[in-house]
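A short write-up of the structure that comes next.
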């Protein structure tokens, strides 16, 4: 297997992701899930969960979702395009609106789309290298 690399600049500064499964023409600008701020906040929030709130040493899914939402809000999601309300009106990006969507279980598809986009940004260069591997001319 060839060594894989990622685009550290995109992971830390963000990139646009489209073609998100089941999300129509929604585009999200996110940093990679593996950016330094995301990982640091995630570790801090996980460590702060009291032992009695853990099950066999693991965090319950609800707690993990709350932690993930905070990390996505503060260290991954930067902007969106083509997000509309029930009446087809554009919803402009704001941190408050993002918080509402990321923390309300009724908007779980949006939460999942953010995780997807941030994962894509974190892995984008490796995937691009794999796609290009068979497309170069040999000498």
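State all residues of region 72-104 that are farther than 30 Å from residue 4 by Cβ, in a helix (DSSP H, G or I) and in contact (Cβ under 8 Å) with a residue 24 or more places away in the chain; if no residue qualifies, say none. If you could, list the steps in order and put the result at the bottom.
Step one: of region 72-104, the residues farther than 30 Å from residue 4 by Cβ are 82-101, 103-104.
The next check asks that each one be in a helix (DSSP H, G or I); those that pass are 95-101, 103.
Those that are farther than 30 Å from residue 4 by Cβ, in a helix (DSSP H, G or I) and in contact (Cβ under 8 Å) with a residue 24 or more places away in the chain: 98, 99, 103.
Does region 39-54 include one or more residues that are part of a loop (DSSP other than H, G, I, E, B) and under 16 Å from the mean Cα position of the chain (by Cα)?
Taking region 39-54 first, the residues part of a loop (DSSP other than H, G, I, E, B) are 48-50, 54.
Subsequent filtering for residues that are under 16 Å from the mean Cα position of the chain (by Cα) retains none.
Taking every residue of region 39-54 in turn, none turns out to be part of a loop (DSSP other than H, G, I, E, B) and under 16 Å from the mean Cα position of the chain (by Cα).
Test each condition in (1) under 26 Å from residue 91 (Cβ atoms); (2) in contact (Cβ under 8 Å) with a residue 40 or more places away in the chain for residue 66 and report the one that comes out false.
(2)
How about region 56-81: which of its residues are more than 29 Å from residue 36 (Cβ to Cβ) and surrounded by 10 or more Cβ atoms within 10 Å (Cβ to Cβ)? Lay out the reasoning, then the answer.
Residues of region 56-81 more than 29 Å from residue 36 (Cβ to Cβ): 56.
Those that are more than 29 Å from residue 36 (Cβ to Cβ) and surrounded by 10 or more Cβ atoms within 10 Å (Cβ to Cβ): none in region 56-81.
None of the figures in this text is laboratory data; all of them are computed from the coordinates on show. Everything quoted here is computed from the prediction, not taken from an experiment. With ideal geometry, Cβ positions are generated from the backbone for all residues, glycine too; neighbour counts draw on all protein chains shown.
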